[in-house]
1. Convert each backbone phi in the stretch 197-206 into a coupling constant with the Karplus relation 6.51 cos²θ - 1.76 cosθ + 1.60 (shift: θ = phi - 60°), then list the ³J(HN,Hα) values in order as whole Hz, x for Gly and Pro.
2. Could you give the longest part of the chain that holds none of the trypsin sites (Lys or Arg not before Pro) found in DSSP loops with at most 16 neighbouring Cβ atoms within 10 Å?
3. Could you work out what % of the accessible surface of the chain is carbon and sulfur, using a 1.4 angstrom probe and leaving DNA, RNA and ligands out of the count?
4. Rounded, prolate or oblate: which fits the stretch 133-228 when a ≥ b ≥ c are the square roots of the eigenvalues of the alpha-carbon gyration tensor, with rounded for a/c under 1.5 and prolate only if a/b beats b/c?
5. Would you pull out the residues with amide H under 5 Å of residue 206's amide H, same chain only if 5 or more places away, H placed 1.01 Å from N?
6. Along each of the three principal axes of the Cα atoms of the stretch 76-195, give the extent in whole Å, ordering the values from largest to smallest.
7. Under 5 Å between amide hydrogens, which residues at least 5 positions from residue 228 or on another chain qualify, with H placed 1.01 Å from N in the peptide plane?
8. Over the chain, what per residue volume does the convex hull of the Cα atoms give, in whole Å³?
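The values are calculated or read from the model by the stated rules, or taken from the named source; none is laboratory data. Here the structure is a predicted model, which is why all the values come from computation and not from measurement. Cβ placement follows ideal geometry from the backbone for every residue including glycine, while neighbour counts extend to all protein chains displayed. For the accessible areas, the whole protein counts, side chains as well, though only heavy atoms, and no ligand, DNA or RNA atoms are used. Shrake-Rupley method; radii C 1.70, N 1.55, O 1.52, S 1.80 Å.
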Amino acid sequence: MGRAFEYRKARKLKRWGNMAKTFTKLGKEITIAAKDGGPDPDTNPRLRMLIQTAKKENMPKDNVERAIKRATDKAQGDYKEVNYEGYGPHGIAVFVETATDNTTRTVANVRSYFNKTGGNLATSGSVEFLFEHKCIFHVVPKDEDLEELTLELIDFGVDEVEMDGEEIIISGEFASNSAIQSYLEEHGYEITSSEFVRLPLSTKEVSDEERADIEVLLERLEEDDDVQNVFHNMAESAE
């Protein structure tokens, strides 16, 4: 199986802590997308995909509409996407993506999580090179041959196509996101959701005791309202 497929399986086993967290995360992404590309999903591909993802996650329509409205409401503060990089306990590389309306608060919190768990917040670029930035699409299959579809999509930046139950998982380079989305939409594929991920180029094996230390940091980061995604290069548990 491909790396993106294995990543997706791991995410299924450990999703966001609760539905409210998922809705908060998606709401921020929708607001940022609407701010960048306009509030009309017909002319804003990224917003269109996020609305589909919100439907898949059963996010109420009112929540989606409020998130879009926030992008055009001057009374509301702007969200900024800010990334933080560092090393957790036992040398595990950690990449943190945030969306915040108060960067001073966010960096102070993120730094404290690293410091209190025996890690350290590093400078920009310190660990980014250890990950590949990818886009992943979840697509309803048609009556097609996966191998032929893969060969067709290679020219559009796709590097993996896998069947996962009743959906197809398609992954490619982050920069190819728009081209892949355009191809799928133009060829009549129903995209149920999409996401951006950072896959580690290699993973680091740790003991059970070390894993417990690292999990404390990861859980504190993921519980922070400003944090959107947390990526690391710790090998998955064999269990």
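1. With the stated coefficients, the stretch 197-206 comes to 9, 10, 9, x, 5, 8, 10, 10, 6, 9 Hz.
2. 143-239
3. That share works out to 48 percent.
4. Verdict is prolate for the stretch 133-228.
5. 235
6. 52, 40, 26
7. 97, 98, 99
8. Taking only Cα atoms, the chain has a hull volume of 131 Å³ per residue.
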